[in-house]
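To keep things clear, I will list the structure first and then write my remarks on it.
The values are calculated or read from the model by the stated rules, or taken from the named source; none is laboratory data. Please read all numbers here as calculations on a predicted model, not as lab measurements. For neighbour counting, all protein chains shown are included, and Cβ atoms are generated from backbone atoms with ideal geometry for every residue, glycine included. Remember, those area values only see protein heavy atoms, side chains included, never the ligands or the DNA or RNA. Shrake-Rupley method; radii C 1.70, N 1.55, O 1.52, S 1.80 Å.
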Protein chains: 2
Amino acid sequence: MLDQNAAVLTIDLAAVAQNYRQLADRIGQVNPTGWPQCGAAVKANAYGLGAAEIAPVLLAAGCRHFFVATLDEGLSLRRLLGSGPQIFLLNGLPAGGAPDIIAADLVPVLDSPPEIDAWRQFGRKDDIPRPAAIQIDTGMSRLGLTAREWQTLIADRDSLRRFPLALVIGHLACSDEPASPHNAQQLAVFRRHLDMAREVIPAGTPISFANSSGIFLGADYHFDLARPGAALYGLNPIPGEPNPMRQVVRLQGKILQVRDVDAGTPVGYGATHTCAHSTRIATIGCGYADGVFRALSNQGAVHLGDHRAPIVGRVSMDLLSIDVGDVPAALVKPGALVDIIGPRQGADDLARAAGTIGYEILTALSTRYQRRYLPAG
Amino acid sequence: MLDQNAAVLTIDLAAVAQNYRQLADRIGQVNPTGWPQCGAAVKANAYGLGAAEIAPVLLAAGCRHFFVATLDEGLSLRRLLGSGPQIFLLNGLPAGGAPDIIAADLVPVLDSPPEIDAWRQFGRKDDIPRPAAIQIDTGMSRLGLTAREWQTLIADRDSLRRFPLALVIGHLACSDEPASPHNAQQLAVFRRHLDMAREVIPAGTPISFANSSGIFLGADYHFDLARPGAALYGLNPIPGEPNPMRQVVRLQGKILQVRDVDAGTPVGYGATHTCAHSTRIATIGCGYADGVFRALSNQGAVHLGDHRAPIVGRVSMDLLSIDVGDVPAALVKPGALVDIIGPRQGADDLARAAGTIGYEILTALSTRYQRRYLPAG
């Protein structure tokens, strides 16, 4: 079934693969058998783009380490990818989740002493080694062991040998601001935590620190395993500088109706826009229920070819209105597609107009779109 | 599969049914065979709450007129409800969609002269009557016939007899602002359009004007068929006054981790929050990928019982942090649920903190939640 009025979301899988290879090259990955490695964050349905389509492309491109948030995401991904690649659960060990985690060979990222204890207890039952990762909090105050908890843990020199330690993780809070002093501070704190545990962490345990932007902070931040998400999907990992990544997403809304309006005509809910002079208004068949945020009301714009058309009035649930008075009439007719995200305006640009970040633009992408995947190879 | 860390979204179907009956009573619906009638907007997956669960409850409560935005939504709804209830497509007649529309007995809302022509042409093929609705634009500049287009149309006195006219629709732009002069203006314009077509519109053709808030503007606004959405789902149709509707949605996030932090500790991405004094921070397992908007960063709050806990730092993709320093420790432990939308804070309240409206809070609700439906009765 293809609703001809639905907006069209095109996802370029070749661009995802190319972005992966660019990042892997940047950290010096030679092949998927030794370190360093480039993993991939595919949580939140691969940032809204479709984990079922994205993850196999990353696997084919050489990725062997996948990061999801939740157990459900991990179980789906294991079914999709089969055995082999490591799948890490960033949101930790959910209560009662251990049997499912073990059956699917997932790796929980243990974030607290109680989670570490629970995992040890579980492993004791059958003496089969159950790998897990440990996260150290170095400045997010979100998930992971505090400095005190880490010190207490490693005071027991066998603490990290009671289960196979698959990974030690830290996470950067400000990596998209290269000038922020937090980056070097967090790096120093992370290194100090690792150094104080040098004889407790089993030799050869891989270390992971860098997300997308962290990769661009330099080799000091790379460690063994990077775990980019945003940059794979075309978001700019170095805001303020030209985007080194290939654009992955194109979102095109469809013109449902075009009308000539007189000066003084109000547009949309609350009549928040009034046409200053006579012009033409086109109505596009998508709205905030499709993830085109209401914050774009009277703020954002779309493009018809190279022509910019501002969003006028409030974005409504299923529709938005644009002023096409300055766009050649031949481009403006019912059925024509307009770029909401496209060559002239990336997800990061749309996000700026909405007062948010490209990540949220992507994760809000709707199921009402016609999704088209351009093949990877 | 039940991810024990996933947030819990509870939807009270009994409240939906009760809200429907309240609105139907308000407009004077006696039974589902005569006018006036109360329809229901179930577009955008019933405002994010699940059309598959909501629509049958409304049908059982007496609703016989359903409004969706797109053809896909209409086809799904027809499969769900079976034959009988009318299903209107508010976004008009998609190119090539007529055969599917007719096969599923849907009613397109024709929004422009070309759509009306296309529908007539199609009907001519087999001489079987094909009902359609017509929308008149009275001040949204969005969809529907302009005054000029309407005048041209009705100059041909047979124009509205070439297919069964199922409904004539107008739409209010400012009904949630009872004091706005736009309401009376739009009503006057709509009446004028109807009056000038008194001998063209077939006798007995029902008229629809009021959405949720329009119902509360008074009987003048009711006409034959109301089509509320928001109020059915518990949003307040009369902002600024006590909400007369029963709350439908409860959204509870789960505490993943709790930590004591010292004064000066930064929280979250960009370190936008720094703890002013030593306190406790709890991490909740949902974020903007779940529809808890990033705009709530350092703005919104959640509740543990009656205790308010502010959101601190930036909301991240899968997580958010709250300050629970003022909440009794017994309530704050991993696994405990906190109300994001609940008895102390409705969707409208959360929307205010995020700078948007309750509608967008609902349509952004995520598929990652555990959804629980309380039965209608």
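Key figures for this structure:
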| quantity | calculated |
| --- | --- |
| Neighbours by Cβ (under 9 Å, 6+ apart or cross-chain): first from the stretch A:44-61, among the acidic types (Asp, Glu); second open to solvent by 10 Å² or more (accessible area, probe 1.4 Å) | A:53/A:13; A:53/A:371; A:53/A:373 |
| Qualifying residue in the stretch B:157-179 (condition: at pLDDT 95 or above, among the hydrophobic types (A, V, I, L, M, F, W, C) and more than 24 Å from residue B:39 (Cα to Cα)) | no |
| Selection count where residues are open to solvent by 40 Å² or more (accessible area, probe 1.4 Å) and either more than 27 Å from residue B:264 (Cα to Cα) or of a type in the set (Phe, Trp, Tyr) (or both), scope the stretch A:132-171 | 6 |
| The listed residue being under 29 Å from residue A:272 (Cβ atoms) and either under 24 Å from the mean Cα position of the chain (by Cα) or away from chain A (no Cβ under 14 Å) (or both), out of B:88, B:163, B:122 | B:88 |
| Test: residue A:247 is among the polar types (S, T, N, Q) and over 26 Å from the mean Cα position of the chain (by Cα) | no |
| Where a residue in the stretch B:332-344 is at pLDDT 95 or above and its partner, wherever it lies, is polar (S, T, N, Q) and open to solvent by 10 Å² or more (accessible area, probe 1.4 Å), with Cβ under 6 Å and at least six apart | B:337/B:252; B:339/B:252 |
| When residues of the stretch A:278-319 are limited to those that are open to solvent by less than 40 Å² (accessible area, probe 1.4 Å) and of a type in the set (Ser, Thr, Tyr), the one farthest from residue B:353 (Cα to Cα) | A:279 |
| Residue list for the stretch B:221-244, filter: more than 11 Å from the chain's Cα centre (by Cα) and hydroxyl-bearing (Ser, Thr, Tyr) | B:221 |
| Hey, residue A:33 over 30 Å from residue B:286 (Cα atoms), open to solvent by 10 Å² or more (accessible area, probe 1.4 Å) and not in a helix (DSSP H, G or I) or not | yes |
| Residue in the stretch B:93-110 that is without any contact (Cβ under 8 Å) to a residue 40 or more places away in the chain, under 22 Å from residue B:47 (Cβ atoms) and in a strand (DSSP E or B) present | yes |
| Boolean, residue A:22 is open to solvent by 10 Å² or more (accessible area, probe 1.4 Å) and assigned to a helix (DSSP H, G or I) | yes |
| Leading residue by the ranking (most open to solvent (accessible area, probe 1.4 Å)) among those in the stretch A:233-277 that are of a type in the set (S, T, N, Q) and without any contact (Cβ under 8 Å) to a residue 40 or more places away in the chain | A:274 |
| Qualifying positions in the stretch A:354-377 - among the aliphatic types (A, V, I, L, M) and modelled with pLDDT under 95 | A:365, A:376 |
| Residue that is surrounded by the fewest Cβ atoms within 10 Å (Cβ to Cβ), among those in the stretch B:172-181 that are without any contact (Cβ under 8 Å) to a residue 12 or more places away in the chain and among the small types (Gly, Ala, Ser) | B:179 |
| Any hit, the stretch B:212-222, residues being in the same structural domain as residue B:70 (by TED's automatic domain parsing), open to solvent by 20 Å² or more (accessible area, probe 1.4 Å), among the polar types (S, T, N, Q) and modelled with pLDDT of 95 or more | no |
